[in-house]
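Structure first, then comments.
Taken together, the values in this text are just the output of simple stated rules run on the coordinates, not laboratory data. Since we're looking at a predicted model, the values are computed, not measured. As a convention, Cβ positions derive from the backbone with ideal geometry for all residues, glycine included, and neighbour counts pool all protein chains shown.
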Amino acid sequence: MTKTPPHPVTPDGRYFVVHGRLWRMSNPALSENERARLVTALSRARAALRRTAGATPADRAAARHRVDAVKVGLGERGPVWWADGSPDYNRHLAVNTPYRAWFESLPQAVASAGSATRRTPRRPPRG
């Protein structure tokens, strides 16, 4: 059983939307055991990346590579997991893709919460 993210998912199930940007879903063809193994590996890789905050650039790069490798295994990066020849719109703004009409048809609360036009800084600028 695949968990659905708390964000809108495109009708074809390939992407979910966060702040107006498309993010590729995991490969639904993965077995539950393989998905669970990869999600555990991703959690560990992300934790290792957090621990490299004061480390050398090479250590940080290696930790980022581990995260990327697991995301490729999940199908969220790298070659697409669908076979119909459709292009990949991972990380594209939904309004700049064939998903525009779908995205703009979302309820106002969902669309405004996920709008890429609202860019608010995460923290105040340093002074």
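In this structure, is L30 surrounded by 14 or more Cβ atoms within 10 Å (Cβ to Cβ) and not in a helix (DSSP H, G or I)? Here the answer is yes, as L30 does meet what is asked. For first residues located in the stretch 24-40 and charged (D, E, K, R), partners that are surrounded by 14 or more Cβ atoms within 10 Å (Cβ to Cβ) and lie 6+ apart or on another chain with Cβ distances below 6 Å form the pairs R24/Y15; R24/E76; R24/N90. Evaluating P79 against the criteria (1) surrounded by 15 or more Cβ atoms within 10 Å (Cβ to Cβ); (2) touching a helix residue (DSSP H, G or I) at 6+ places or on another chain (Cβ under 9 Å); (3) not polar (S, T, N, Q) leaves one unmet condition, (1).
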